[in-house]
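Taken together, the values in this text are just the output of simple stated rules run on the coordinates, not laboratory data. None of these values were measured; they are calculated from a predicted model. FYI the Cβ positions are ideal-geometry reconstructions off the backbone, even for glycines, and counts take in every protein chain you see.
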């Protein structure tokens, strides 16, 4: 200051160096169909109640369920071919049940519009919903609850999502293998395989399908007459449904509802996996593998996977497109039994936690160094930048994210003339910072070696 008037002046001197703030790591974006709400507009929510308030409930099953009644015995039938393809509401239930927190919803259309891949210029398609997500900086995971109904086009959608993740380098795609691992591997062929992971098989959940009483038909209703013979009960024309049964016999109605509700929702695993990612990140850290963990609200996988079957899923010697299995173990429940990306043949990016940890560090450091844009490209600035990044990585090492018994074994940060930059780089306004990290990797294979110990004399 240019002091002119005699007196006492107070000056505050900044002693705290700039720091790197860790970005969020598990903020999924779910792209699909909902009952209501804004269309193709990423909307942040933090609870199931908030989802239902903004986007409504599940689609009622119109023709999938029917019942037959023989005296006091009620049997429910479900036609799986007539079940609604819209799974967003159930997916959100599984996400929050498995530890999910804040997330984004991108609703591309309501339940009356058939799911479609769409294009960049056609509103309503799932691709258009994905495109609208590009402008959002916070989401770090991408999930498509309604992708299965696209058939082979689902692979095109996954490829687009992997392309987006590779371009932005701040998000990761969770994909479902619906039935055929070979078809999945042939269809998903984007270059950014390290930015995604696939899971198999589908899960039988504890959730029940949504339905309206008037939509559940009574195929047959018989009761015993005075002679003990089963005879047909006359039902009103066009009203042979649960709504009419409720007024006739509350006991049979309650039994029918119980039978229908016992038919559990079968769901692709991606939404549950997104919840597990969020839970692991909050309790351990993004560097911890989201595997060997039980999936909540699940009765069992729809396909029982053996060790031999998983051999072919976990290791793809040709293209490296590893598929993570979900398996049931006695006394443990249904567990996620894999933590590989689709780039399974890469020693660098084979594991989900390694890729996601690098995503987090890269995005955190990128945001922190933005404050140095247009600062003098001199040694003073380089020292400040290097110290800022080293302090951040030191904390990651202390938290257990980096291997090594001492900091220099865990990471390094290099910036400066004749280190990472030439004089020409400085003349052209480039500050080049090189960061190296020894990320911890999961112990995927634990080998126990036993031998006889010979008795000593």
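Starting with the fewest neighbours, write out 433, 105, 13 ranked by other beta-carbon atoms found within 10 Å of each beta-carbon.
13, 433, 105
For region 373-457, how big is Rg over Rh, using alpha carbon atoms and the Kirkwood form of Rh?
1.34
I need the P(r) histogram for the chain: all alpha carbon pairs, bin width 10 Å from 0 out to the longest distance, whole percents.
Final binned percentages: 4, 17, 23, 20, 15, 9, 5, 3, 2, 1, 0, 0.
Using Cα centres only, tell me the gap between region 233-308 and region 328-362 in whole Å.
If we compute the Cα centre of each part, the gap is 26 Å.
I need 44, 264 ordered by Cβ neighbour count within 10 Å, fewest first.
44, 264
Can you put 33, 418, 89 in order of Cβ neighbours within 10 angstrom, beginning with the fewest?
Numbers: 33 28, 418 7, 89 24.
So the residues, fewest neighbours to most, are 418, 89, 33.
Let's test the formula: R0 of 60 Å, r as the Cβ-Cβ distance of residue 183 and residue 1. What FRET efficiency results, to the nearest 0.05?
0.25
What length, rounded to one decimal in nm, is gained on full extension from residue 412 through to residue 68, with 0.36 nm per residue of separation minus their alpha-carbon distance?
On the way: separation 344, 0.36 × 344 = 123.84 nm, distance 7.05 nm.
Roughly 116.8 nm would be gained on extension.
Return the tail of the calculated pair distribution for region 329-416, meaning the percent of Cα-Cα pairs more than 20 Å apart.
53 percent
Calculated from DSSP H runs of 4 or more alone, at -39500 (n - 2.57) each and per residue, what is the 222 nm mean residue ellipticity of the chain, nearest 500?
Result for the chain, helices only: -9000 deg cm²/dmol.
Measure nothing fancy, just the Cα-based angle from helix 270-283's long axis to the longest principal axis of the chain, in degrees from 0 to 90, nearest 10.
The two axes meet at around 40 degrees.
For region 390-457 and region 1-54, what is the centre-to-centre distance using only Cα atoms, to the nearest Å?
30 Å
Taking 0.36 nm per residue of sequence separation and subtracting the Cα-Cα distance, how much length would be gained by fully extending the chain between residue 8 and residue 191, in nm to one decimal? Walk me through the numbers on the way to the answer.
Working: separation 183, 0.36 × 183 = 65.88 nm, distance 6.46 nm.
Fully extending the segment from residue 8 to residue 191 adds 59.4 nm.
Rounded to the nearest 10 degrees, what's the angle between the helix 88-97 long axis and the longest principal axis of the chain, both from Cα atoms, 0 to 90?
60 degrees
Between Rg and the Kirkwood Rh of region 31-166, both from Cα atoms, what is the Rg to Rh ratio?
Details: Rg = 16.8 Å, Rh = 16.1 Å.
Over the Cα atoms of region 31-166, Rg/Rh equals 1.04.
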